[in-house]
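Enquirer: The structure is given below, and queries will be raised subsequently.
The values are calculated or read from the model by the stated rules, or taken from the named source; none is laboratory data. Note that the coordinates shown come from a computational prediction; the quantities given were computed from them, not determined experimentally. Cβ placement follows ideal geometry from the backbone for every residue including glycine, while neighbour counts extend to all protein chains displayed. Remember, those area values only see protein heavy atoms, side chains included, never the ligands or the DNA or RNA. Shrake-Rupley method; radii C 1.70, N 1.55, O 1.52, S 1.80 Å.
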Amino acid sequence: MLKQLGMVVVCLLGFMLAGCGSKGSGNINGNWTATLTNPDTSPAFAFQTTLTGASGGAFTVTSFTFTSSGTCFASGTTTETGTVSLSGNYNGNVTGSFGMNITDMLPGGVSNVLALQGTVTGGHITGTWTLTGGSGCTGNGIFTADRS
């Protein structure tokens, strides 16, 4: 009887440890759709992007398209950079911090920079954005991005 009880305890401990998951690097690789809103909740920007190599450091943006119109990024010469600090488990639950800058060099040496800072939770990113740059290209608000 005592031997059987010992086996049950060992099995229960095994299930409990397996259920906790193992901390390790997750990733946010894939396609994402982001919506940025102003403080008054009106739409500011929207874009679609593909992120690769994101496993707890710098990531590469392999595709980026604004899906909203505007004059701050009209030149079509944006560069995108970003970093993440992620952790996750074997169940694919990724969490951590997210940062991304979208920069557009305009004629005359002026740069418009859209900076996003947020938190990754699974297939969802939320945070704040700030736009600095030329005339009429300043602002801030919140954003959400979802894996698409």
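Enquirer: Please list, ordered by chain and number, the residues whose modelled amide H lies under 5 Å from the amide H of Ser111; skip anything fewer than 5 residues away on the same chain.
Expert: HN-HN under 5 Å from Ser111: Leu106.
Enquirer: With the other protein chains left in place, how much accessible area per residue, in square angstrom, belongs to segment 71-148 at a 1.4 angstrom probe?
Expert: Spelled out: the 1.4 Å probe surface of segment 71-148, per residue, equals 49 Å².
Enquirer: FRET efficiency for Thr35 and Ala58, Cβ-Cβ distance as r, R0 = 30 Å, nearest 0.05?
Expert: 0.80
Enquirer: Rounded to a whole number, what % of the accessible area of segment 92-148 do carbon and sulfur atoms account for, probe 1.4 Å?
Expert: Answer for segment 92-148 is 58 percent, counting heavy atoms of protein chains only.
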